[in-house]
Amino acid sequence: MTVAVDKRGGRVTGKQAHAGPPRHRPRDSYALFLLPGVLAFLAVIVLPFLMNTGVSFTDWQGVGSPSWSGLANYRELMDDSEFWASFRHSLFMVVAMALVPTAIGLVLAAALFDYVGKHFGSKTAAVLRACFYLPQVLPIAVAGIVWSWILAPDNGSLNELLRAIGLGSWQQDWLGDPDLALYSVMGVMVWVQIGFPLVVFMAGLQRVDPQLYEAAELDGAGWWRRFWHITLPQIRPETYVVLTWCTIAALKVFGAVYVLTKGGPGGATNVPSYFSFTTFFEKTQVGYGAAISTVLTVIILALSLVGLKLQTRAEDAEEGTRA
């Protein structure tokens, strides 16, 4: 803080005394930097969504002029058992891509940060973190093809392994059996997804005060008690971010289902995004496919708002605790 003296001898205090005319911050120029992003958002997100919503109110085969049908597609959607079955499958994918990876990633991140890093060095922890994150950087088409080889009924690696260790009776058609296909896809998605929460949680643990862990160790707290009473509460904002992000990814999953099963067998692994794709392009029911996409988008937007609200509340609570 600086102190200045005015012409009448009075003292003027403030953060900075300016001899010249007052400076105006060029706030208007900041908007220019946001303009490309805003235009891209309007062109890539808002405009296609509005066009898709408009098409969903029509009866259109993809050629010729669409005819206005009002809410007919949405009324048909409410009575479509295949549509609701695809959403039930999405709930299983939420378990496989959000809940299970978040829980496992949280435990692994705490173990790498609080145990492996201290006993074996930070380089070892970094190598293990990279290994867990590797499926995230693989193209889903490549990962899907590899897993289709592993899970193949004839000469697949998994069935060959079971036969080699004397468990030949456990051999299955993992992706071709309607009772097993969804669980097989879920297992693959757990493997794909687990690296993301692990990396986010390890980054969140970097900001936790080490004195909390040192004080807990001095009080005789074991690893599990430190994890439960320190790690979990301290990285609560990151937990909401991971759950929201992974839930959205699970609701709009498409590539893995397309590569592994194409929604089969018999619709056992069909999900809303793939159901919309087949309705739109294969059945050429463009208006109905657009209605499926619109409903899915609205659900994802609602979940995103809930997740952002929970994250903001957690951050406010954390700041209140520190204050």
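The values are calculated or read from the model by the stated rules, or taken from the named source; none is laboratory data. As the structure is a computational prediction, the values presented were derived from the model and not from experiment. Positions of Cβ are backbone-derived with ideal geometry, glycine not excepted, and every protein chain shown enters the neighbour counts. With ligands, DNA and RNA removed, areas are computed over all heavy atoms of the protein, side chains included. Shrake-Rupley method; radii C 1.70, N 1.55, O 1.52, S 1.80 Å.
By how many degrees, between 0 and 90 and to the nearest 10, does the Cα long axis of helix 27-41 differ from the longest principal axis of the chain? So the inclination is approximately 0 degrees. Charges were assigned to the Cβ only: +1 to each Lys and Arg, -1 to each Asp and Glu. The resulting dipole of the chain about its Cα centre is roughly 1660 debye.
The list [x] 24.2; [y] 22.9; [z] 20.6 gives values of Kirkwood radius over Cα pairs in Å, and only one came from this structure; which label was calculated from it? For Kirkwood radius over Cα pairs in Å, the calculated option is [x]. Using a probe of 1.4 Å on the protein chains alone, the accessible area found for TRP170 is around 150 Å².
At most 14 other Cβ atoms within 10 Å and a DSSP loop assignment: could you name the GluC sites (Glu not before Pro) in region 258-323 that fit? Hits after loop and neighbour filter: nothing returned.
Over the chain, average the accessible area per residue using a 1.4 Å probe and give it in Å², no decimals.
Values: 19580 Å² over 323 residues.
On a per-residue basis, the chain sits at 61 Å².
What shape does region 225-323 have by the C-alpha gyration tensor, where a ≥ b ≥ c are the square roots of the eigenvalues, rounded means a/c under 1.5, and otherwise prolate means a/b greater than b/c and oblate the rest? Oblate is the answer for region 225-323, as a/c is 1.5 or above yet b/c matches or exceeds a/b. Per-residue Karplus couplings for region 130-144, computed as 6.51 cos²θ - 1.76 cosθ + 1.60 with θ equal to phi - 60°, are listed in order as 5, 5, 5, 7, 3, x, 5, 8, 6, x, 5, 5, 5, 4, x Hz, Gly and Pro entered as x. Expressed as a whole percent, the accessible surface of the chain that belongs to carbon and sulfur atoms is 66, based on a 1.4 Å probe. For region 29-188, what does the alpha-carbon gyration tensor say about shape, rounded, prolate or oblate, given a ≥ b ≥ c as the root eigenvalues, a/c under 1.5 as rounded, and a/b over b/c as prolate? Oblate, since a/c reaches 1.5 and b/c is not below a/b.
Could you tell me the distance between the Cα centroids of region 54-79 and region 211-283, to the nearest Å? If we compute the Cα centre of each part, the gap is 34 Å. For THR58, the amide hydrogen comes within under 5 Å of the amide hydrogens of SER69, counting only partners 5 or more places away or on other chains and with H modelled in the peptide plane. Positive end of the dipole of region 210-323 (Cβ unit charges, origin at the Cα centre): among LEU260, ALA314, ALA215, the Cα lying farthest that way belongs to LEU260. Counting only heavy atoms of the protein chains and using a 1.4 Å probe, ARG313 has close to 150 Å² of accessible surface. Across region 171-185, computed HN-Hα scalar couplings (Karplus, 6.51 cos²θ - 1.76 cosθ + 1.60, θ = phi - 60°) run 4, 9, 8, 4, 9, x, 8, x, 7, 10, 4, 5, 5, 5, 5 Hz from first to last residue, x flagging Gly and Pro.
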